[in-house]
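What follows draws every value from the coordinates through simple rules; no lab data is involved. Treat the numbers as computed from the prediction; the structure is a model and nothing was measured. For neighbour counting, all protein chains shown are included, and Cβ atoms are generated from backbone atoms with ideal geometry for every residue, glycine included.
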Amino acid sequence: MVNAVVDKLDSLLEEASSKISQTADIKSLEDLQHEILGKKGKLTQVLRGLSELSEEERPHVGKKANEIKAAVQKLLDERLLSLKQSALSERLEKEWLDLTLPGEPVPTGRLHPLTRVLREVKSIFSGLGFEFVQGPEVESDYYNFEALNIPPDHPARDMWDSLYLGEKTLLRTHTSPVQIRVMEKRKPPLRVISGGKCFRRDAVDSTHCFQFHQVEGFMVDQGVSMAHLKGTLSAFAKAIFGPERKVKLVPSYFPFTEPSVEVYIDCFNCGKNSSEDQQPSSPNSSSVESGLVLSESCRICGGTKWLEILGAGMIHPFVLRVVNIPSEYTGFAFGLGIERIAMLKFRIDDIRLFYESDQKFLEQF
Ligand code: PHE
């Protein structure tokens, strides 16, 4: 009887040892532990059988059973440790992270080139003491035209192909109405710029669009002259196109300024102007008409060496009278196209690119 039990215990240890060594994971090891040492486990069953033994036999077999139990437990513990270790090294093998690899770039949004130029223009003029004021995009005929010395049916209206919303309301064709709105309410001295969307009934091509952006600026005080206008715009041109830029004023016409000028900068693409007295061609005349000989063709200025950047002039006395500004005051005003400036600055040859939301184009800025 004793021998039978002892044999059973020995073979139990043998079996446990081989099964334990074959377990592949912690879960099956736990199952095995339960199978051997659990309440209904094989060893527990053998121990229960001890009660059938005689008083003398029991201690001997009991001792043996405890040794076997301890041996099984030891095997289980060792196996658990080695399974844990191999699970860990497997994870370390699989889940390693190379911290020296360059990170994945996170795509970030960026400012639209027109927003960039608008902000740059604003900050240049703000540095010159100009305050930014906003005006409405839907304007009345009065602010957009009449108060600016453009009466109804006057041929000057042809300069602005307008989009009317009603008989006397339209989408503003320029930012000049903001001048009137500000001067109506406030007394000089004034140094103000404004900017935003303008609209014209223009067919879309590489330089025209029915919607575009302007910045308007004006200054009114006693003794303001063309010299102040030229100095201000010269500072602006140098700030935005480089410190070596020269500015040239060419006679022009706007109903709300007298005298009126178109402002040109020397072409930043084809280098310094060789001849100081070379005249820029007016936008409407061909180079032959203006008597210019185009030596070499430049992609930016077409060989004229000068680039028109904006329209300006001394505010017309009619306009100052409309807003009740006393006659001892004078002022200058200018209006520039943000698209025009951006196209020159970034060498863009088609205005439509600004509105097409083409990511390949926009990501270059
Ligand atoms: N408003 C004019 C335009 O849109 C530009 C301009 C503004 C000219 C101010 C002179 C003075 O063409």
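Hey, how many Å between the Cα centroid of the stretch 109-134 and the Cα centroid of the stretch 143-218?
19 Å
Expressed as a whole percent, how much of the Cα-Cα distance distribution for the stretch 33-184 exceeds 18 Å? Let's see the in-between values first.
On the way: 9036 of 11476 pairs.
More than 18 Å apart: 79 percent of the Cα pairs in the stretch 33-184.
Using alpha carbons only, what's the Rg to Rh ratio of the stretch 111-160 with Rh from Kirkwood?
1.14
Nearest 5 is fine: what % of DSSP beta bridges in the chain come out antiparallel, could you say? Walk me through the numbers on the way to the answer.
On the way: 44 of 46 bridges.
Bridges in the chain that DSSP calls antiparallel: roughly 95 percent.
With a cut-off of at most 13 other beta carbons within 10 Å, and DSSP calling the residue loop, which trypsin sites (Lys or Arg not before Pro) in the stretch 93-147 qualify? Please list them.
Listed in order of number, the matching sites are ARG110.
Counting each DSSP H run of 4 or more residues in the chain as -39500 (n - 2.57), what helix-only mean residue ellipticity at 222 nm follows after dividing by all residues, to the nearest 500 deg cm²/dmol? Could you put the intermediate results ahead of the total?
Numbers: 11 runs with 140 residues, N = 365.
Using -39500 (n - 2.57) per qualifying helix, the result is -12000 deg cm²/dmol.
How long are the semi-axes of the equivalent ellipsoid of the chain, defined as square roots of 5 times the Cα gyration tensor eigenvalues? Whole Å, largest first. Spell out each step's value before the answer.
Values: eigenvalues 1797, 122, 65 Å².
Working from the Cα gyration tensor, I get semi-axes of 95, 25, 18 Å.
Could you work out the relative contact order of the stretch 25-150, using alpha carbon pairs under 8 angstrom and six or more residues apart, expressed as a whole percent? Kindly include the intermediate steps, with their values, before the conclusion.
Details: 29 pairs, mean separation 22.4, N = 126.
That works out to 18 percent.
For the chain, with a Gaussian network of springs between Cα atoms less than 10 Å apart, report the residue from GLY109, GLY335, GLY313 with the top mean-square fluctuation.
GLY109
Would you list the membrane-span-like helices of the chain, meaning whole DSSP H runs whose alpha-carbon atoms span at least 20 Å along their axis and whose mean Kyte-Doolittle value is at least -1.0?
Helices meeting the span and hydropathy rule in the chain are 2-22, 57-94, 113-127, 226-241.
Based on DSSP loop calls and a cut-off of at most 11 other Cβ atoms within 10 Å, the longest stretch of the chain free of exposed GluC sites (Glu not before Pro) is what?
Numbers: sites that count: GLU55, GLU56, GLU95, GLU167, GLU244, GLU276, GLU289, GLU296, GLU328, GLU356, GLU363.
Here the longest run is 168-243.
Based solely on C-alpha atoms, express the radius of gyration and the Dmax of the stretch 2-94 in angstrom.
Using the Cα atoms of the stretch 2-94, the pair Rg, Dmax is 15.7, 58 Å.
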